[in-house]
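The values are calculated or read from the model by the stated rules, or taken from the named source; none is laboratory data. Values in this document were obtained by computation on a predicted structure and should not be read as measured data. Note that each Cβ is placed from the backbone with ideal geometry, even for glycine, and that neighbours are counted across all protein chains shown. These accessible areas exclude ligands, DNA and RNA; they are computed on the full protein's heavy atoms, side chains included. Shrake-Rupley method; radii C 1.70, N 1.55, O 1.52, S 1.80 Å.
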Amino acid sequence: MNETASLRARAEIDLAALRANVRVLRARAAGAQLMAVVKSDAYGHGAVPCARAALEAGATWLGTATPQEALALRAAGLGGRVMCWLWTPGGPWREAIEADIDVSVSGMWALREVVAAATEAGIPARIQLKADTGLGRNGCQPADWPELVAAARDAEDAGTVRITGLWSHFACADEPGHPSIAAQLALFRDMVAHAEKEGVDPEVRHMANSPATLSIPEAHFDLVRTGIAIYGISPSPELGTPADFGLRPVMTLIASVALVKQVPAGHGISYGHHYTTSAETTLGLVPVGYADGIPRHASGRAPVLVGGVTRRIAGRVAMDQFVVDLDGDEVEVGSEAVLFGPGDRGEPSAEDWAQAADTIAYEIVTRIGTRVPRVHLHATPAES
């Protein structure tokens, strides 16, 4: 038995598929640069291998949420442009500046802290000013934008910062025709125009996330930020399936069947006995549970491919395991239970699991925990 087959569970990460997805997305936004967003360990796929594969396929930027994620990329030897955008007071501005990371600034407190850190480091900080055009999360409100732009320009004139970008983020790009899309685009253009009138000369203006990259070409500007789409998952069923866009799911989640046994009719399964066998049958034990990121909300609903047949979880998902009713089929212990993947073997997709758990496919892949090793397939020598 090979090493991969002996694992309790594994998430196979197809780097060839990721590279192909990046090339498809670059073609979709041919006039713009592409940022591969690798936050949250590349949406659960493994940040460093995925970042390397994305760069090899032509991504020119890497994006992370936290500075710690960005610094980890640098520590792994990844060069090029890296941007991070989720900052809290105190930290770690100087480390990011010294690591040549572009940092996002959404308000005056952040600008003051980054200027202080740049002064202390003796290196100008590369900053990108974020505009809140309607998402209502991070970003500077339009009423406060003139003050932030003026202060950033003063800092730029003083040599402590370089304003490299102006950016924003959509609220409803995954809902075709939503009125907020046009409103946010118009406001972003106005806020960019104000900044440029005040002397800001950004390298990049960017607003498009994965759904906007796929469906709103007027939002591409100079750079698109692609996250979930590079992992081969559609950002919204309303927009289309991965295949509709020429994308291929990158993650396949597999577990080894740990036990097969016969039980009589009327046998309760798992906590609470929410499932009871209707006849004598065989059960298969799949040794992953919510400690591995398998959503408990999918209990009794989510599909799993076992023995070439799609089954449903029988009863509740527990911390470390769940059960499938094999309907009397004899399946060998050690056989593969494929929870989701690209569908080549008829297995379910991450979207199927999302629907079963009343969530989105982003969450399904991102929540797979560290007890499940990532096995990166089709790495090139540069990525190994």
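Would you mind putting 24-36, 76-88, 206-218 in packing order, based on average other-beta-carbon counts within 10 Å, highest first?
Ranked by mean Cβ neighbours within 10 Å, highest first: 206-218, 24-36, 76-88.
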Given H placed on each backbone N at 1.01 Å, which residues far from Leu377 in sequence or on other chains put an amide H within less than 5 Å of it? Ile13, Asp14, Leu15
Sorted largest first, the C-alpha extents of segment 247-384 along its principal axes in whole angstrom are 55, 30, 25
What full-extension length gain, to one decimal in nm, is calculated for Leu7 and Asp157 as 0.36 nm per residue of separation minus the Cα-Cα distance? 48.3 nm
Which distance in nm do the two modelled labels at Arg345 and Arg301 give, with both placed 7 Å along the Cα-to-Cβ direction? 2.6 nm
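Between Glu56 and Asp201, what length in nm is gained on full extension when 0.36 nm per residue of separation is reduced by their alpha carbon distance?
Working: separation 145, 0.36 × 145 = 52.20 nm, distance 2.87 nm.
Stretched out fully, the Glu56 to Asp201 stretch lengthens by 49.3 nm.
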Rounded to the nearest angstrom and ordered from largest down, what semi-axes does the equivalent ellipsoid of segment 93-161 get from its C-alpha gyration tensor (root of 5λ)? 21, 13, 8
Cα-Cα pairs in segment 17-58 separated by more than 18 Å, as a whole percent of all pairs, come to 22 percent
Per 0.36 nm of contour for each residue apart, how much would the distance between Asn138 and Val333 grow if the chain were fully extended, relative to their Cα-Cα spacing? 65.2 nm
Take Leu377, Leu339 and sort them by solvent-accessible surface of the protein heavy atoms, 1.4 Å probe, largest at the top. Leu377, Leu339
Per-residue ³J(HN,Hα) for segment 304-316, Karplus 6.51 cos²θ - 1.76 cosθ + 1.60, θ = phi - 60°, Hz, x for Gly and Pro: 9, 8, 10, x, x, 10, 7, 10, 10, 4, 9, x, 7
Tell me, what % of the accessible area of the chain is carbon and sulfur with a 1.4 angstrom probe? 52 percent
Can you work out the FRET efficiency for the pair Ala379 and Ala99, with r the C-beta to C-beta distance and R0 = 30 Å, to the nearest 0.05? 0.75
Scalar couplings 3J(HN,Hα) for segment 22-30 by Karplus 6.51 cos²θ - 1.76 cosθ + 1.60 (θ = phi - 60°), nearest whole Hz, x for Gly and Pro, are 4, 5, 4, 5, 4, 5, 5, 10, 4
Taking each pair of different alpha-carbon atoms in segment 31-124 once, compute 1/r for the pair, average those values, and report the inverse of that mean as the Kirkwood hydrodynamic radius in Å to one decimal. 13.6 Å
Computed over the chain, protein heavy atoms only, probe 1.4 angstrom, the accessible area per residue in square angstrom equals 41 Å²
Charges on Cβ only, +1 for Lys and Arg, -1 for Asp and Glu, centred on the Cα centroid of the chain; of Pro179, Gly79, Leu34, which one is farthest towards the dipole's positive end? Gly79
Ordering of 138-145, 248-255, 111-118 by packing [mean C-beta count within 10 Å, highest first]: 248-255, 111-118, 138-145
When the helix-only estimate is applied to the chain (DSSP H runs of n ≥ 4, each -39,500 (n - 2.57), divided by the residue count), what is the mean residue ellipticity at 222 nm, nearest 500 deg cm²/dmol? -8500 deg cm²/dmol
Whole-Hz couplings from phi, Karplus 6.51/-1.76/1.60, listed for segment 368-373; x for Gly and Pro: 4, x, 6, 5, 9, x
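Assign unit charges at the C-beta atoms only (+1 for Lys and Arg, -1 for Asp and Glu), then state the dipole size of the chain relative to its Cα centre in Debye, rounded to the nearest 20. Numbers along the way, then the final one.
Values: 32 positive and 45 negative charges, 54 e Å.
With Lys and Arg at +1 and Asp and Glu at -1, about 260 debye.
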Debye log10 I(q)/I(0) for segment 1-79, one point scatterer per Cα, at q = 0.11, 0.18, 0.24, 0.27 Å⁻¹: -0.33, -0.76, -1.10, -1.25
